[in-house]
1. Using a 10 Å cut-off around each Cβ, can you sort Tyr73, Tyr148 from fewest to most neighbouring Cβ atoms?
2. Along the charge dipole of region 109-203, which of Ala201, Leu159, Ala115 sits closest to the positive end, that is, farthest toward it, with unit charges on the beta carbon of Lys, Arg, Asp and Glu (+1, +1, -1, -1)?
3. Tell me, what is the Rg over Rh of the chain, with Rh the Kirkwood radius over Cα pairs?
4. Write out the GluC sites (Glu not before Pro) in region 139-245 meeting two conditions: DSSP loop, and at most 16 other Cβ atoms within 10 Å of their Cβ.
5. Which trypsin sites (Lys or Arg not before Pro) in region 95-171 sit in a loop by DSSP (not H, G, I, E or B) and have at most 16 other Cβ atoms within 10 Å of their own Cβ?
6. For Thr102, Thr153, Thr193, which order do you get if you count the other beta carbons within 10 Å of each Cβ and list the fewest first?
7. Pop out the ³J(HN,Hα) list for region 208-216 in order, Karplus 6.51 cos²θ - 1.76 cosθ + 1.60 with θ = phi - 60°, rounded to Hz; leave Gly and Pro as x.
8. Taking other Cβ within 10 Å of each residue's Cβ, how do Met188, Met79 sort, fewest first?
Amino acid sequence: MSEIGIDPGLLEEARARLKGAVKVAALTGAGISAESGVSTFRGSEGLWEKYRPEELASPEAFQRDPQLVWEWYNWRRGMMIDKMPNPGHLALANLESTHDFTLITQNVDGLHALAGSRNILEIHGSIWRVRCIDCGRQEVNRTAPLPYPPACTQCDGLLRPDVVWFGESLDSDLLARSLASASRAEVMLVVGTSALVHPAAGLAWQARRTGAYLIEINTERTPFSDDAHAVLTGPSGQILPQLIG
Ligand code: OAD
């Protein structure tokens with residue numbers, strides 16, 4: 001066992017599978033950013049322990065009280081603004097230079113791009129993008145906090161965070177591209193996600209069905225662990241650099 005509790009044989013097998021593959025995909029979740037100081041959603045320290053998603057992250061909540069929702073997003077933007085990528089993000093960015101690699105992320109924090117990844121599908125949106133609820137115009141805005149009410153420069157409509165809320169569908173083009181990447185991957189990495197939120201979690205099983213070798217990296221077991229070929233237990237900021245090297 002290594003100091004983070006991984007069977008060296010399993011790590012070596014996973015490394016060899018990755019090295020031998022051409023097409024690789026990864027699905028990441030909040031856990032990959034935990035070592036950068038970004039809160040996860042579930043677990044004892046998670047955001048959904050302290051806040052009710054339906055009161056803050058749903059279209060109904062925004063309709064009822066847009067200011068409250070913006071206050072919460074401004075608080076989250078403020079927490080994320082100075083966060084930096086960790087060695088896990090950087091290791092995944094390196095995979096782009098050696099493989100045909102697609103990075104599917106549920107995270108809205110923008111840390112994968114900051115680490116240098118380019119082929120990223122942000123399936124739950126970005127906390128650094130806003131969208132007009134009237135004309136649909138999107139814009140990148142890293143101001144934190146955004147003065148309330150944030151108004152569209154084109155039509156003066158109210159801007160909302162360009163993230164996917166509970167009860168909303170994922171962008172169909174992003175989902176189709178994610179499914180295609182998962183389906184053609186020879187190796188799929190599933191990193192720092194509780195694998196509870198669909199359709200995102202389904203992408204990992206899709207890769208499994210279509211023949212990918214599955215590597216899960218997480219500090220805990222998830223509903224996905226029994227179906228993974230290699231379960232590497234520990235912090236992704238330590239394991240990914242060892243796996244990708
Ligand atoms: P969760 O908070 O549900 O899960 C985080 C996962 O990361 C857990 O399985 C932890 O065990 C694991 N973890 C924590 N620290 C880790 C570390 N250092 N290294 C590796 N793993 C670690 O976050 P997500 O799975 O991303 O949706 O949640 C999915 C979606 O639910 C989010 O995108 C968000 C949320 O509601 C939307 O906002 C639409």
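All of the numbers you see were taken from the coordinates with simple rules; none came from a lab. Predicted model only: the values in this text are computed from it and were never measured. Neighbour counts are summed over all protein chains in view; Cβ atoms, including those assigned to glycine, are modelled from backbone coordinates with ideal geometry.
1. On the way: Tyr73 23, Tyr148 12.
The fewest-first ordering by Cβ neighbours comes to Tyr148, Tyr73.
2. Of the listed residues, the answer is Ala115.
3. Values: Rg = 18.3 Å, Rh = 18.6 Å.
My calculation of the ratio gives 0.98.
4. Details: sites: Glu139, Glu168, Glu186, Glu216, Glu220; in loops: Glu168, Glu186, Glu220.
Here the GluC sites (Glu not before Pro) that fit, given the DSSP loop and packing criteria, are Glu168, Glu220.
5. Working: sites: Arg118, Arg129, Arg131, Arg137, Arg142; in loops: Arg118, Arg137, Arg142.
When the trypsin sites (Lys or Arg not before Pro) of region 95-171 are filtered for loop state and at most 16 Cβ neighbours within 10 Å, Arg118, Arg137, Arg142 remain.
6. Details: Thr102 24, Thr153 9, Thr193 28.
Starting with the residue having the fewest Cβ neighbours, the order is Thr153, Thr102, Thr193.
7. Working through the residues one at a time gives 4, 4, 9, x, 6, 7, 9, 10, 9 Hz.
8. On the way: Met188 30, Met79 15.
Starting with the residue having the fewest Cβ neighbours, the order is Met79, Met188.
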